[in-house]
Number of protein chains: 2
Amino acid sequence: MNAPVIAVDVMGGDLGPSCTVPACISFLEDTPLVKLILVGLSAEITSLLPPLTDSVHERIEIIDATDVITMDDPIAVALRAKPQSSMRLCLELVREGKANACVSAGNTGALMALARFTLKTIPGIDRPAMMCCLPTQANKDCYLLDLGANVDCSAEQLFQFAVMGSVAAEVMGVINPKVALLNIGIESIKGNQQVKQATSLLESQNKLNYIGFVEGDGVYRGDVDVVVCDGFVGNVLLKSSEGVLKLLRTRLENRFKANWLGKLKGFLMFLPMLRGLRKDFSPEQYNGASFLGLQGVVVKSHGAADGVAFKSALRHAYTEVEENLQARLSKQISSLLEDVLLQ
Amino acid sequence: MNAPVIAVDVMGGDLGPSCTVPACISFLEDTPLVKLILVGLSAEITSLLPPLTDSVHERIEIIDATDVITMDDPIAVALRAKPQSSMRLCLELVREGKANACVSAGNTGALMALARFTLKTIPGIDRPAMMCCLPTQANKDCYLLDLGANVDCSAEQLFQFAVMGSVAAEVMGVINPKVALLNIGIESIKGNQQVKQATSLLESQNKLNYIGFVEGDGVYRGDVDVVVCDGFVGNVLLKSSEGVLKLLRTRLENRFKANWLGKLKGFLMFLPMLRGLRKDFSPEQYNGASFLGLQGVVVKSHGAADGVAFKSALRHAYTEVEENLQARLSKQISSLLEDVLLQ
């Protein structure tokens, strides 16, 4: 296999090229077998490039993009008014087979819409889903999807998310991942219509390790490896978790500020730890959120990502390409859909 | 007005009468103007009573109940197989006007089903909702409903929840409460169908201080006073928040366990604080969760509540009676429904 090629939308994110370009160089230095295509305003990119070693120089390419999609651009603008945006050109490189993956820290809604338009979904998948991973008490990651790409989901979509989550978790190294539907109780009578119907679909197959329902607290206990829910619920779960951590941090900080000794203790011991934990909960920053179900690998980095976090997103895309996520997804999906349709 | 009378299901909760009976006595000692009817296995209650002062003795009554609803009893059993349960007798006392409120730490599903069956809803309210309050960065409480009584909600139900939440927040002392719908973004195009339709209903009235959408993190920031969502989402928000706090606590504890100095520091400074904060997030324990929209006041205490927490639930019920929550709800609901129907 040739070296994986990743197209990077260097214009995305709150910090833009001044963050993404150095992160790309650093990633190339760390990772010998990868090529990057930096897409954006080429003059700006060039001005940010440090002196390159030969090894890095021969694995980097710059493609000029004249449009930039801002964080506030409506989806319609991204789709129709900016045909030469860095985000779109990246996705087209993937569609044309010139790149194996696209990484962007830009506008999430625009990236999802452009990705669907440009790459299309895998046969058998109605709509792509966004997946992140969360830390757990069991000291292993829990993969959660969907995070907001799909607000109203049918049972069939939840079933597809379960398949995608399971394959993606395997790609990330989880053996025989335990898959569960998020619910408000673990008894079989609990849940809304979609969840109940999705259970029937999941129970009618034997290729996924479907174990039933998990509640909100079970997600963080590490009871399961993959948690499936609609995008409304997943988004609320993720953002309220971030909110709780911020609240806790504020309360601890206020306590530390009460006196000088407290300040010192806080500075030395607890704030770094809380900061670390908070980073875990900003999972797009932690290692990139995957857009699953597209005919191509797309990874979204958090808009507020710093260089270290952006490199995590690049590494994440690299792993998905190396592990052949998309082909494995396609295969698993068609095999499972056959099972279910033959019932 | 006569002294408020609260009917207490002393058999409910993980600890049962050994927790609830002493909590009731202590509440009577603290609160001069209240009467309690203790409903349960009378022999057990009597055996747990300490020597009573005259003031307490004349404000306590015991009613024998021969059935007890367990935490695992299905709703059908609670409704049909245990006609003499302590929970049911409490609700019947409210219906008959012999008590102004009912407090139970028992099986939530059974309590909701029995409460609906026994008390019926206020005219204009399709289904009752469960409401709790959450701590925020703004150091004021945020009221969240529904917490799981209604998994699939129509726009009309969300509208009714908004009215109930607003009135309940006022009863709890919030002036002109800011009401918001929970959503996955604050732009008007965001959300599922029910949320979008509920917005139209809320925008078509001018008696509530409806301010638009709030996201998961905004709940804990204290952006608004009342947050409305369906019971599936509310339940996930609450339980995942509890899960995050447990995870954080475990990680901090593990760090403290690393050495003796760490243990000491943890013991003295942080664990008590985390414990306190965790209590905030177990809001039924904090001050009782209200069942809103019934023709009678019903407060649910957390099943794991200790005596202090159970007293909070009693106090909560007392406030709702004193502040005439139910009559105010009825009035506001009918006035608002008129407004909306006249559009």
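Values quoted throughout were computed directly from the atomic coordinates according to the rules given, and no laboratory measurement underlies them. Since the structure is predicted, the reported quantities are computational estimates derived from the model, not experimental observations. Note: ideal-geometry Cβ built from the backbone for every residue, glycine included; neighbour counts use all protein chains shown.
Couple of notes before you dig in:
- For A:D67, nonlocal amide neighbours, meaning residues 5 or more places apart or on other chains whose placed amide H falls under 5 Å from its own, are A:Q84, A:S85, A:S86.
- Gyration tensor verdict on chain A (Cα atoms; rounded if a/c is under 1.5, prolate if a/b is larger than b/c, oblate otherwise): oblate
- Lysine pair count for region B:136-261 with Cα-Cα distance under 20 Å and sequence separation of 8 or more or different chains is 6.
- Working note: 222 nm ellipticity from helices only, DSSP H runs with n ≥ 4, each -39,500 (n - 2.57), summed and divided by the residues of chain A, gives -14500 deg cm²/dmol to the nearest 500.
- Residue by residue along B:181-188, Cβ atoms of other protein chains within 10 Å of the local Cβ number 4 on average.
- Relative contact order of chain B, defined on C-alpha pairs under 8 angstrom at six or more residues apart (%): 22 percent
- Cα-based shape type of region A:21-144, given that a ≥ b ≥ c are square roots of the gyration tensor eigenvalues and the cut on a/c is 1.5: oblate
- Under Karplus coefficients 6.51, -1.76 and 1.60, residue-wise ³J(HN,Hα) of region A:183-189 in Hz, glycine/proline x: 8, 9, x, 9, 6, 5, 7
- Measuring between their Cα centroids, region B:172-239 and region A:296-321 lie 33 Å from each other.
- Evaluated over region B:14-74, the Cα radius of gyration and Dmax, each in Å: 12.4, 41
- Peptide B:228-236 has a mean of 6 when you count, residue by residue, the C-beta atoms of other protein chains within 10 Å of its C-beta.
- Where only C-alpha atoms are counted, convex hull volume of the protein assembly as shown per residue in Å³: 183 Å³
- Of the DSSP H helices in chain B, not one has a Cα length along its own long axis of 18 Å or more together with a mean Kyte-Doolittle hydropathy reaching 1.0.
- Counting only cysteine Cβ atoms and a cutoff under 4.7 Å, chain B contains unmatched residues B:C19, B:C24, B:C132, B:C133, B:C142, B:C153, B:C229.
- Residue-averaged beta-carbon neighbours from other chains (10 angstrom radius) around A:189-196: 3
- Between region B:20-73 and region A:40-98, the alpha-carbon center distance in angstrom: 72 Å
- Percent breakdown of C-alpha pair distances by 10 Å bin, ordered from the shortest bin, for region A:136-261: 13, 41, 28, 10, 6, 2, 0
- Less than 5 angstrom separates the built amide H of A:K178 from those of A:D225, A:V226, all sequence-distant by 5 or more or on a different chain.
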